[in-house]
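Below is one structure, written out as C-alpha cells, with a few remarks after it.
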C-alpha cells in the first residue's frame, strides 16, 4: 500500500511537474505577448494615442472677434466698438439659482417679459454655460449690481464690446448695421461660418455687409481642459484675437450731418461727390433710423415703427431708389444733341406752352410758354417744348449712348453695395427686347424731359453731374480711402494728358464709342467722355445761367459769393400722368395727396470758377425742384466749400494717413 | 502515520515563521501599496471611499492571510470539499436571494460584507480539485468516472455564475478548473477534443448569449463600430495606455482617468490607469511583479511533498497568471471586454478575500512543505 502509494505518488508528481513546465513556458510566451502589445501601444503608437488623448481632453472656445471700425475722412469713428457692461451668471456655480435670479430681477428692475426670457434661456443651455442676464447694463444698473455684489455670489459683471454708431441715423444707409448672424449669413459667407460664435454680430446691409470679411477680425481662442461630460476643468491657453481692419471712408461727417438736417422729416436723398477723385463726401437717404436699435435685437415697437413708416426708412434711396430724373436729364440731352451735331446752340424753338406732335399734345411746364428760346435759354428756363423738338431730332438711341457714358443706367459702384440698382435708360432695342413692342416716337419726347421709361438713382445723377462738371471725364466713384488713391493734382494731370492724346489721335473717337457699355471701369478712367469739350463747356455755362441769371429756374437759390457760387439744374418729375382737367386746376402742392405730388430734384456743381464738387438732391414727392430742392443746395454748398478747406488742411497734415 | 505527527510536532512556531516565503510576502505588500496608490489616483489624489476601504481590506485580508498561513495544510486538505460546497451553496443563495446591482445578481448580503461567492469559487474549485486528484491514483485519472465527476463539479458553478449573469468570472472559474485538470494528468486529447467541440458549438453558444454580451464580442473585433457605445470602453482604454508612452504621464496626472474618460477605473480598468500614469516601464515592472509572485507560488508548489499542496500551488499560480493575462489582454484590446479584476490591484473585497485565502494555502504549503497528507 505504502510502496504502491509512493509509486503512484511519484508518477503523479512527475506528470504534474512535466505539465507545469509546459504551462510555465506558455506563460512566458503569453506575458511576452502582453509586453509586445504594451510596446506597440505605448512606444510605437504613442503619438497617435497622445493626439487622441489630447483631442479627448482639450476643447477650444472661440471668442467673438472684435470688429474693425469705420472712420470718416478725418479719422473720426463713425462705427466703432463700445464698451458695454454685461451681467453673466454661470448657473452651476450658484447655490440657489432661483433666489439669486429674483434678487437680480429686483435690483435691475427687469420686467416680467425679459425675466421669463432669461429663465427660458437658462433652461435651454447646460448648467456650466454662461447665462447672459443683460447684454447692455446701464451705468446705473452696473453700479447697483456692484454695490450688491457681495450678496450675489455667482453673478459676474463683465466688460464687453458691442457695435456702436455714434452718429446714430446719420450713416445708417451707407454703413448698414450689424445684427446676430443668421443661418443664411453662415451659409452665404464662409468667413462668417469659420469665425462664428453664438451671438456674433455680422453686417446685414450696406458697407457693414459688403466689407464683412475685412471687418470681422480674428477670433481669440481659449483652450480648456474638459472632462468626459464636457465640463471645463481648467484653462490651458489663451490666444488673443485680432481686431478687424479699420476702414476709412471718404465721407465727411459735417456734410453728412448737414444732409441729414436738410432732409429732416422728408423722404429723399442727397449725395455729394468730389468731381475729380470720385470721393463720396456724403450720401444720405431719408428718413433714416438709428442702427444702434438693431444691436441687441430690435424691440417690436421700434421695428413696427420703422416698418410701417409710410416714408419707408429701410430703403436706401441714394442707390436703390429709382425715379424719373425729370429736367435734371436736360444737360445730357443737350450735350447729346450737340455732340451728335443735331443742332447748333443757336437753334431756336418758339415755345407756346404746348406742342402738337403725332396727334398728341405735349405740354411745357410753363402754360403760357417761353416764347422763342435758344439752347442756352432752354436749359436755363428748362423749356420742355424746346427739348421735345430737340429729342425728336436726336432720337432715343443717341441719347441713350450719351446718358450711359455719363453714368446713367449703370451701377455707380461695381460691387460695394449689392442692393444697388442699375436704373434704366431706354432705347429702341431695349424696348423691343424687354417689352416686345416697337419704340413709339412720342416716347422719345418724354424721355427728353426725363419722364417715361427712364429711371435713375439719385447717386447716378450725382455722378453724371460730376462727370460733366470736371469737363467731361470719366471718374471712379468711391467711398473707401486707399493708400494708392490718386490725388486731385495727379488726376487733373491725367485728364489733361488724356485730352491731349484725344486731340492728337484721330482714332480716339472710335475707341470711345463703346465706352458706355464697357464693364471695366479702370480702362477708361479719366478719359474724355465727349467728342468736343466745347459742348460740355457750353452745357456747364447754361447750367450756370440756370442758377445765376434772372429767369433761371433756381435763380432764387444762387450764391453770389464767388467762393461758394454754384451752377445747377432743377428737375420736377411727375409721378402720375396729369390730365388736362388737373392741369387747368393748377393746384397748390398742399392740395395734392402726398403720393401724387411731384418729385423735386436738383443737381449742382461748384464752385463755378473752379468746380470741385457735384451734388444731387432728391426729394420724394417734394413738389418742384426749384422751390424745394435747390434751396437745400444753397445751404449745403456753404458747408461743402467750408469743409473743403478743412479737408485740404487735413490732407496736408496726414499725407499717408489711411486708417 | 506516526512519522507525520512526529514531523509536524517538530516544527516550532519560530521555525514556521522562518519558513514563510518572505519574497512572496514582500511582493504582495508592494502590490498592495501600488494598488492603494492607484486607488488614490482614481479618486483624483484624494483619500476617499474607495481608497480607504481598499487599504483597510488589504490590511485586514493580508493579516488574515498571515494568520491562516499557520493553519496546518492537512486542515486545508480536509476542508477542500466542504469549502467548495459552502461556496456553491452561497452561489445558489446569491442567485435566489442575492443583492442585485447594475443588472446582475452576484452578491450575498452577509451584513458586515457584501460577498461575491463567484470570486471565492475561483479558489474553491482549485482546492476542491487539488483534494480530488490528491486522492485519485494516477492510472485512474482518465477513467470515465474520474472525468465525469470533475466536469460536473466544474460545470455546475459555471452555469450558476453565467446565469447571474457574469460571463467574466465564469470564464475565469472554468479556466482555473481546467488548468488543474490539465496539471493533474487528464489526457491531452480530452482538451483537444473539447476545444474542437467548443469551436464548433461556438455559434450556438453565441446565440444563447445576452445581447450586451454579443455586442461586446462584436465590438472586440471592431471597436470603431460604435465608438460612443459599446466600443467606448476599449477605445478609451487604449487611448489611455497608448498616450502613457515610455514613462507615463506621471502619478495623479493621467488625464484620461481624472477627466473621467476611463470607465470602471477602480475595478477592471485599474491597469489602464496605472499604465497611463507610469507608462511602458511601469507596466512592465508591474507585470514583472506578478511574474515573481506567480514564480514564487509555483516554486513553493515544486518543493511541496504533498500532492494536494503541490497541485494547489501550481493551480493557484496558474490561476493568478490567467487573471492577470485576461485582465491585461482585455484592457489592451487583445480580448473582448469581460468583467475580470486584476488580483489585488482591482477594487473588490471578495476578489481580495479569495486571493488572500489562496495565498494562505500557498504559505501553509510552504510551512508544511515536508508534510505528507495521506
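At-a-glance table
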quantity	calculated
Some residue of the range B:209-217 being more than 18 Å from residue B:340 (Cα to Cα) and away from chain A (no Cβ under 14 Å)	yes
Residue match in the range B:314-335 (condition: touching a strand residue (DSSP E or B) at 6+ places or on another chain (Cβ under 6 Å), more than 10 Å from every other protein chain (Cβ to nearest Cβ) and surrounded by fewer than 24 Cβ atoms within 10 Å (Cβ to Cβ))	no
Residue match in the range A:226-241 (condition: touching a residue at least 40 places away in the same chain (Cβ under 8 Å) and more than 14 Å from every other protein chain (Cβ to nearest Cβ))	yes
Count of the range A:297-321 residues which are buried (at least 16 other Cβ atoms within 10 Å of the Cβ) and assigned to a loop (DSSP other than H, G, I, E, B)	5
Candidate set: the range A:519-564, residues that are at pLDDT below 90 and in a helix (DSSP H, G or I); chosen: the one surrounded by the fewest Cβ atoms within 10 Å (Cβ to Cβ)	A:522
Boolean, residue A:84 is away from chain B (no Cβ under 11 Å), surrounded by 13 or more Cβ atoms within 10 Å (Cβ to Cβ) and closer than 30 Å to residue A:479 by Cα	yes
Test result for residue A:16, surrounded by 19 or more Cβ atoms within 10 Å (Cβ to Cβ), free of Cβ contacts under 8 Å to residues at least 24 places away in the same chain and within 7 Å of chain B (Cβ to nearest Cβ)	yes
Residue in the range A:42-57 that is within 7 Å of chain B (Cβ to nearest Cβ), more than 30 Å from residue A:228 (Cβ to Cβ) and either modelled with pLDDT of 95 or more or surrounded by fewer than 16 Cβ atoms within 10 Å (Cβ to Cβ) (or both) present	no
Any strands (runs of 3 or more DSSP E) falling wholly within the range A:173-271 and containing at least 1 residues that are over 17 Å from the mean Cα position of the chain (by Cα), surrounded by 14 or more Cβ atoms within 10 Å (Cβ to Cβ) and in the same structural domain as residue A:127 (by TED's automatic domain parsing)	A:178-180, A:220-226, A:232-239
Residue within the range B:185-206 that is crowded, with 19+ Cβ neighbours inside 10 Å, out of contact with any strand residue (DSSP E or B) (no Cβ under 8 Å at 6 or more places or on another chain) and within 14 Å of chain A (Cβ to nearest Cβ) present	yes
Among (1) within 14 Å of chain A (Cβ to nearest Cβ); (2) closer than 30 Å to residue B:100 by Cβ - the single one residue B:182 does not satisfy	(2)
Test result for residue A:35, at the interface with chain B (Cβ under 7 Å from one of its Cβ atoms) and either surrounded by 15 or more Cβ atoms within 10 Å (Cβ to Cβ) or not in a strand (DSSP E or B) (or both)	yes
Every residue from the range B:314-339 that is free of Cβ contacts under 8 Å to residues at least 60 places away in the same chain and within 12 Å of the chain's Cα centre (by Cα)	B:317, B:320, B:321, B:324, B:325, B:327
Residues being modelled with pLDDT of 90 or more, more than 13 Å from chain A (Cβ to nearest Cβ) and part of a helix (DSSP H, G or I) - total across the range B:111-147	13
Condition check for residue B:355: within 12 Å of another protein chain (Cβ to nearest Cβ) and at pLDDT 95 or above	no
Filter result for the condition that a residue is under 23 Å from residue A:345 (Cα atoms) and in contact (Cβ under 8 Å) with a residue 40 or more places away in the chain, over A:442, A:409, A:450	A:450
From A:159, A:110, residue being in a loop (DSSP other than H, G, I, E, B) and closer than 19 Å to residue A:85 by Cα	A:110
Residue within the range A:94-102 that is at the interface with chain B (Cβ under 9 Å from one of its Cβ atoms), loosely packed, with under 13 Cβ neighbours inside 10 Å and on the phi < 0 side of the Ramachandran plot present	no
When residues of the range A:58-79 are limited to those that are surrounded by fewer than 20 Cβ atoms within 10 Å (Cβ to Cβ) and either within 14 Å of chain B (Cβ to nearest Cβ) or not in a loop (DSSP other than H, G, I, E, B) (or both), the one farthest from the chain's Cα centre (by Cα)	A:58
Residue satisfying all of: in the range B:256-293; closer than 21 Å to residue A:224 by Cβ and free of Cβ contacts under 8 Å to residues at least 12 places away in the same chain; nearest to the chain's Cα centre (by Cα) among these	B:260
Enumeration of residues in the range A:126-154 that are outside any strand (DSSP E or B), under 25 Å from residue A:229 (Cβ atoms) and touching a strand residue (DSSP E or B) at 6+ places or on another chain (Cβ under 7 Å)	A:128, A:130, A:154
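Here's the yes/no breakdown for (1) in the same structural domain as residue A:209 (by TED's automatic domain parsing); (2) farther than 20 Å from residue B:283 by Cβ:
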position: A:36; (1), (2): no, no
position: A:45; (1), (2): no, no
position: A:55; (1), (2): no, yes
position: A:65; (1), (2): yes, yes
position: A:68; (1), (2): yes, yes
position: A:71; (1), (2): yes, yes
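The values are calculated or read from the model by the stated rules, or taken from the named source; none is laboratory data. Quick caveat: nothing in here was measured; it's all calculated off a predicted structure. With ideal geometry, Cβ positions are generated from the backbone for all residues, glycine too; neighbour counts draw on all protein chains shown.
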